[in-house]
Amino acid sequence: MKQLISIIIPTINEGAMIGNTLAAVAGVAGVETIVVDGNSVDNTKEIAATRGARIIASERGRAVQMNRGAAAARGEILLFLHGDCLLPEGFVDQIHNALAAPHTAAGAFRLAIDAPNLSLRILEQLVYCRSQFLQMVYGDQALFLTAQMFHTLGGFPEQPLMEDFEFVRQLRRRGRIAVLDQTVTTSARRWQRLGLIRTTVINQLIVAAYLLGVDTGRLANWYRNAGENRIKNDRSARL
(Lines give C-alpha, C1' and ligand atoms only; values in the text may rest on other atoms or scores of the structure.)
Protein backbone atom coordinates (compact mmCIF):
# COMPACT_ATOMS: atom_id res chain seq x y z
CA MET A 1 0.00 0.00 0.00
CA LYS A 2 1.37 3.40 -0.99
CA GLN A 3 2.05 6.03 1.59
CA LEU A 4 -0.45 8.86 1.95
CA ILE A 5 0.63 12.23 0.53
CA SER A 6 -0.47 15.33 2.41
CA ILE A 7 -0.64 18.40 0.15
CA ILE A 8 -0.17 21.51 2.28
CA ILE A 9 -1.17 24.84 0.75
CA PRO A 10 -0.57 28.10 2.68
CA THR A 11 -2.97 30.80 1.54
CA ILE A 12 -3.69 34.50 2.00
CA ASN A 13 -6.38 35.89 -0.29
CA GLU A 14 -5.97 33.28 -3.03
CA GLY A 15 -9.63 33.21 -4.05
CA ALA A 16 -8.79 33.90 -7.69
CA MET A 17 -6.39 30.94 -7.91
CA ILE A 18 -7.14 28.34 -5.27
CA GLY A 19 -10.06 26.76 -7.12
CA ASN A 20 -7.90 25.73 -10.07
CA THR A 21 -5.10 24.56 -7.78
CA LEU A 22 -7.44 22.27 -5.88
CA ALA A 23 -9.27 21.11 -9.02
CA ALA A 24 -5.97 19.68 -10.30
CA VAL A 25 -5.81 17.29 -7.32
CA ALA A 26 -9.52 16.65 -6.82
CA GLY A 27 -10.38 12.97 -6.76
CA VAL A 28 -6.77 11.80 -6.83
CA ALA A 29 -6.39 8.67 -4.71
CA GLY A 30 -3.76 8.56 -1.99
CA VAL A 31 -3.72 12.25 -1.09
CA GLU A 32 -5.22 14.58 1.46
CA THR A 33 -5.35 18.32 0.87
CA ILE A 34 -4.85 20.84 3.66
CA VAL A 35 -5.32 24.57 3.13
CA VAL A 36 -3.70 26.60 5.91
CA ASP A 37 -5.25 30.03 5.71
CA GLY A 38 -3.66 33.16 7.16
CA ASN A 39 -6.89 35.09 7.77
CA SER A 40 -7.93 35.74 4.18
CA VAL A 41 -10.51 38.46 3.67
CA ASP A 42 -11.71 37.14 0.31
CA ASN A 43 -13.47 33.85 -0.47
CA THR A 44 -10.40 31.60 -0.29
CA LYS A 45 -11.70 29.46 2.56
CA GLU A 46 -15.15 29.05 1.03
CA ILE A 47 -13.76 27.93 -2.33
CA ALA A 48 -11.31 25.54 -0.67
CA ALA A 49 -14.08 24.00 1.40
CA THR A 50 -16.24 23.36 -1.66
CA ARG A 51 -13.26 21.58 -3.27
CA GLY A 52 -12.97 19.19 -0.35
CA ALA A 53 -9.86 20.60 1.32
CA ARG A 54 -9.41 20.55 5.07
CA ILE A 55 -9.16 24.15 6.30
CA ILE A 56 -6.83 25.15 9.13
CA ALA A 57 -6.70 28.70 10.49
CA SER A 58 -3.26 30.13 11.19
CA GLU A 59 -1.47 33.37 11.87
CA ARG A 60 0.07 34.84 8.74
CA GLY A 61 3.50 33.82 7.54
CA ARG A 62 4.29 31.18 4.94
CA ALA A 63 6.68 29.25 7.19
CA VAL A 64 4.29 29.33 10.14
CA GLN A 65 1.41 28.22 7.95
CA MET A 66 3.34 25.36 6.35
CA ASN A 67 4.54 24.13 9.73
CA ARG A 68 0.99 24.28 11.05
CA GLY A 69 -0.20 22.20 8.11
CA ALA A 70 2.60 19.66 8.57
CA ALA A 71 1.70 19.26 12.24
CA ALA A 72 -1.89 18.43 11.28
CA ALA A 73 -1.05 16.19 8.32
CA ARG A 74 -1.78 12.47 8.37
CA GLY A 75 0.45 11.60 5.42
CA GLU A 76 3.84 9.93 5.53
CA ILE A 77 4.83 12.22 2.66
CA LEU A 78 4.42 16.00 2.71
CA LEU A 79 4.08 18.16 -0.41
CA PHE A 80 4.17 21.94 -0.03
CA LEU A 81 2.26 23.72 -2.79
CA HIS A 82 1.66 27.39 -3.47
CA GLY A 83 -1.94 28.47 -3.89
CA ASP A 84 -1.39 29.49 -7.52
CA CYS A 85 0.34 26.31 -8.74
CA LEU A 86 -1.01 23.30 -10.64
CA LEU A 87 0.44 19.83 -10.12
CA PRO A 88 0.91 17.56 -13.15
CA GLU A 89 -1.10 14.45 -13.88
CA GLY A 90 0.39 11.35 -12.31
CA PHE A 91 2.18 13.29 -9.58
CA VAL A 92 1.46 10.64 -6.94
CA ASP A 93 3.44 7.90 -8.68
CA GLN A 94 6.15 10.37 -9.64
CA ILE A 95 6.64 11.39 -6.02
CA HIS A 96 6.73 7.82 -4.72
CA ASN A 97 9.25 6.79 -7.36
CA ALA A 98 11.49 9.78 -6.66
CA LEU A 99 11.59 9.27 -2.89
CA ALA A 100 12.27 5.55 -3.31
CA ALA A 101 15.58 6.27 -5.05
CA PRO A 102 18.71 5.81 -2.89
CA HIS A 103 20.22 8.85 -1.15
CA THR A 104 17.23 11.08 -2.00
CA ALA A 105 16.31 13.55 0.74
CA ALA A 106 13.50 15.34 -1.09
CA GLY A 107 12.20 16.26 -4.51
CA ALA A 108 10.51 18.95 -6.56
CA PHE A 109 9.09 19.47 -10.03
CA ARG A 110 10.36 21.34 -13.03
CA LEU A 111 8.90 24.86 -13.14
CA ALA A 112 6.52 26.05 -15.85
CA ILE A 113 5.13 29.59 -15.91
CA ASP A 114 1.61 30.12 -17.19
CA ALA A 115 2.29 32.75 -19.88
CA PRO A 116 3.46 32.53 -23.53
CA ASN A 117 6.41 34.94 -23.34
CA LEU A 118 9.70 33.73 -24.81
CA SER A 119 11.55 35.43 -21.96
CA LEU A 120 9.70 33.21 -19.49
CA ARG A 121 10.69 30.10 -21.44
CA ILE A 122 14.31 31.19 -21.02
CA LEU A 123 13.73 31.77 -17.31
CA GLU A 124 12.25 28.27 -16.97
CA GLN A 125 15.41 26.78 -18.49
CA LEU A 126 17.61 28.79 -16.14
CA VAL A 127 15.56 27.63 -13.15
CA TYR A 128 15.88 24.04 -14.34
CA CYS A 129 19.65 24.33 -14.63
CA ARG A 130 19.89 25.91 -11.17
CA SER A 131 17.73 23.15 -9.73
CA GLN A 132 19.65 20.31 -11.35
CA PHE A 133 23.22 21.49 -10.96
CA LEU A 134 23.04 23.53 -7.76
CA GLN A 135 20.34 21.39 -6.14
CA MET A 136 18.49 24.56 -5.15
CA VAL A 137 14.73 24.49 -5.59
CA TYR A 138 12.21 27.06 -4.41
CA GLY A 139 8.72 26.79 -3.01
CA ASP A 140 6.92 27.29 -6.32
CA GLN A 141 8.41 24.00 -7.53
CA ALA A 142 6.23 21.99 -5.10
CA LEU A 143 8.82 20.64 -2.68
CA PHE A 144 8.06 17.15 -1.32
CA LEU A 145 9.73 14.91 1.26
CA THR A 146 8.88 12.35 3.91
CA ALA A 147 7.24 13.59 7.09
CA GLN A 148 10.06 11.90 9.00
CA MET A 149 12.68 13.97 7.20
CA PHE A 150 10.64 17.15 7.67
CA HIS A 151 10.33 16.67 11.43
CA THR A 152 13.97 15.59 11.76
CA LEU A 153 14.98 18.98 10.35
CA GLY A 154 12.55 20.78 12.63
CA GLY A 155 10.33 22.14 9.88
CA PHE A 156 10.66 25.44 8.08
CA PRO A 157 12.51 28.16 9.97
CA GLU A 158 9.79 30.59 11.02
CA GLN A 159 11.29 33.71 9.50
CA PRO A 160 9.57 36.38 7.35
CA LEU A 161 11.37 35.49 4.11
CA MET A 162 13.72 32.88 2.60
CA GLU A 163 12.26 30.05 4.65
CA ASP A 164 12.25 27.69 1.66
CA PHE A 165 15.79 28.69 0.67
CA GLU A 166 17.12 27.94 4.14
CA PHE A 167 15.16 24.70 4.47
CA VAL A 168 16.48 23.40 1.14
CA ARG A 169 20.03 24.28 2.21
CA GLN A 170 19.52 21.97 5.19
CA LEU A 171 18.01 19.26 3.00
CA ARG A 172 21.03 19.25 0.67
CA ARG A 173 23.18 18.16 3.59
CA ARG A 174 20.95 15.10 4.01
CA GLY A 175 21.02 13.83 0.45
CA ARG A 176 20.06 14.43 -3.14
CA ILE A 177 17.11 16.59 -4.17
CA ALA A 178 15.39 14.96 -7.14
CA VAL A 179 14.15 17.41 -9.78
CA LEU A 180 11.45 15.70 -11.84
CA ASP A 181 10.98 16.29 -15.56
CA GLN A 182 7.24 16.77 -15.05
CA THR A 183 6.23 20.38 -14.54
CA VAL A 184 4.32 22.21 -11.88
CA THR A 185 2.64 25.21 -13.50
CA THR A 186 2.70 28.48 -11.62
CA SER A 187 0.90 31.75 -12.28
CA ALA A 188 2.88 34.42 -14.13
CA ARG A 189 1.33 37.19 -12.03
CA ARG A 190 4.44 38.18 -10.05
CA TRP A 191 6.55 38.52 -13.21
CA GLN A 192 3.73 40.39 -14.93
CA ARG A 193 3.30 42.72 -11.98
CA LEU A 194 6.94 43.75 -11.57
CA GLY A 195 8.42 42.75 -14.92
CA LEU A 196 10.76 39.85 -15.59
CA ILE A 197 14.06 41.72 -15.28
CA ARG A 198 13.02 43.66 -12.19
CA THR A 199 11.68 40.54 -10.49
CA THR A 200 14.82 38.55 -11.27
CA VAL A 201 17.15 41.31 -10.07
CA ILE A 202 15.18 41.78 -6.84
CA ASN A 203 15.21 38.04 -6.16
CA GLN A 204 18.95 37.73 -6.70
CA LEU A 205 19.70 40.76 -4.53
CA ILE A 206 17.56 39.29 -1.76
CA VAL A 207 19.44 35.98 -1.98
CA ALA A 208 22.81 37.75 -1.90
CA ALA A 209 21.80 39.90 1.06
CA TYR A 210 20.52 36.85 2.92
CA LEU A 211 23.79 34.99 2.40
CA LEU A 212 25.62 38.07 3.71
CA GLY A 213 23.58 37.87 6.90
CA VAL A 214 21.04 40.68 6.47
CA ASP A 215 18.10 40.25 8.84
CA THR A 216 15.13 38.51 7.22
CA GLY A 217 12.70 41.04 8.64
CA ARG A 218 14.57 43.80 6.84
CA LEU A 219 14.68 41.72 3.66
CA ALA A 220 10.92 41.16 3.84
CA ASN A 221 10.38 44.92 4.09
CA TRP A 222 12.63 45.53 1.08
CA TYR A 223 10.81 42.91 -0.95
CA ARG A 224 7.38 44.26 -0.06
CA ASN A 225 8.39 47.86 -0.68
CA ALA A 226 9.86 47.00 -4.09
CA GLY A 227 6.50 45.64 -5.19
CA GLU A 228 4.50 48.50 -3.72
CA ASN A 229 6.74 51.13 -5.33
CA ARG A 230 6.34 49.51 -8.76
CA ILE A 231 2.56 49.49 -8.40
CA LYS A 232 2.56 53.16 -7.34
CA ASN A 233 4.76 54.08 -10.30
CA ASP A 234 2.47 52.24 -12.70
CA ARG A 235 -0.56 54.05 -11.35
CA SER A 236 1.18 57.42 -11.60
CA ALA A 237 2.14 56.71 -15.21
CA ARG A 238 -1.50 56.10 -16.10
CA LEU A 239 -2.69 59.40 -14.62
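Yes/no per residue for (1) crowded, with 21+ Cβ neighbours inside 10 Å; (2) out of contact with any Lys or Arg (no Cβ under 6 Å at 6 or more places or on another chain); (3) at positive phi:
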{"position": "59", "(1), (2), (3)": "no, yes, no"}
{"position": "67", "(1), (2), (3)": "yes, yes, no"}
{"position": "73", "(1), (2), (3)": "yes, yes, no"}
{"position": "78", "(1), (2), (3)": "yes, yes, no"}
{"position": "81", "(1), (2), (3)": "yes, yes, no"}
{"position": "84", "(1), (2), (3)": "yes, yes, no"}
{"position": "90", "(1), (2), (3)": "no, yes, yes"}
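Could you check the range 1-12 and list, in sequence order, the residues that are in contact with a strand residue (DSSP E or B) (Cβ under 7 Å, 6 or more places away or on another chain), part of a loop (DSSP other than H, G, I, E, B) and hydrophobic (A, V, I, L, M, F, W, C)? Give the derivation first.
At the first step, the residues of the range 1-12 found to be in contact with a strand residue (DSSP E or B) (Cβ under 7 Å, 6 or more places away or on another chain) are 3-11.
If we keep only those that are part of a loop (DSSP other than H, G, I, E, B) as well, we get 3-4.
Of everything in the range 1-12, just one residue is in contact with a strand residue (DSSP E or B) (Cβ under 7 Å, 6 or more places away or on another chain), part of a loop (DSSP other than H, G, I, E, B) and hydrophobic (A, V, I, L, M, F, W, C), namely 4.
Considering only the range 13-44, how many residues are in contact (Cβ under 8 Å) with a residue 60 or more places away in the chain and in a loop (DSSP other than H, G, I, E, B)? Even if it seems obvious, please write down each step before you answer.
Filtering the range 13-44 for residues in contact (Cβ under 8 Å) with a residue 60 or more places away in the chain gives 14, 17-18, 20-21, 24-25, 28-31.
Still in the running and in a loop (DSSP other than H, G, I, E, B): 14, 17, 24-25, 28-30.
Residues in the range 13-44 being in contact (Cβ under 8 Å) with a residue 60 or more places away in the chain and in a loop (DSSP other than H, G, I, E, B): 7 in total.
Could you tell me which numbered condition residue 26 fails, if it satisfies all but one of (1) surrounded by fewer than 19 Cβ atoms within 10 Å (Cβ to Cβ); (2) at negative phi; (3) at pLDDT 95 or above?
Among (1) surrounded by fewer than 19 Cβ atoms within 10 Å (Cβ to Cβ); (2) at negative phi; (3) at pLDDT 95 or above, residue 26 violates only (3).
Out of curiosity, is residue 50 in contact with a Lys or Arg (Cβ under 7 Å, 6 or more places away or on another chain) and of a type in the set (Ser, Thr, Tyr)? Break it down into steps so the answer makes sense when it comes.
Numbers: in contact with a Lys or Arg (Cβ under 7 Å, 6 or more places away or on another chain): no; of a type in the set (Ser, Thr, Tyr): yes.
Judged against the criteria, residue 50 is not a match.
Can you tell which of 47, 9 is in contact (Cβ under 8 Å) with a residue 12 or more places away in the chain, buried (at least 16 other Cβ atoms within 10 Å of the Cβ) and within 17 Å of the chain's Cα centre (by Cα)?
Working: 47 fails: within 17 Å of the chain's Cα centre (by Cα).
It is 9.
Could you tell me whether residue 183 is in contact (Cβ under 8 Å) with a residue 24 or more places away in the chain, out of contact with any Cys (no Cβ under 7 Å at 6 or more places or on another chain), among the polar types (S, T, N, Q) and within 18 Å of residue 130 (Cβ to Cβ)? So that I can check it myself, show each step before the final result.
Numbers: in contact (Cβ under 8 Å) with a residue 24 or more places away in the chain: yes; out of contact with any Cys (no Cβ under 7 Å at 6 or more places or on another chain): yes; among the polar types (S, T, N, Q): yes; within 18 Å of residue 130 (Cβ to Cβ): yes.
Here the answer is yes, as residue 183 does meet what is asked.
With respect to the numbered conditions (1) within 17 Å of the chain's Cα centre (by Cα); (2) among the charged types (D, E, K, R); (3) more than 26 Å from residue 167 (Cα to Cα), which one is the sole condition not fulfilled by residue 110?
(3)
Here's the yes/no breakdown for (1) under 23 Å from residue 100 (Cβ atoms); (2) under 17 Å from the mean Cα position of the chain (by Cα); (3) buried (at least 20 other Cβ atoms within 10 Å of the Cβ):
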site	(1), (2), (3)
143	yes, yes, yes
156	no, yes, yes
162	no, yes, yes
177	yes, yes, yes
193	no, no, no
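The values are calculated or read from the model by the stated rules, or taken from the named source; none is laboratory data. Just so it is clear, the structure is predicted and the values come from calculations on it, not from any experiment. No Cβ is skipped: glycine too gets one built from the backbone with ideal geometry, and neighbour counts run over all protein chains shown.
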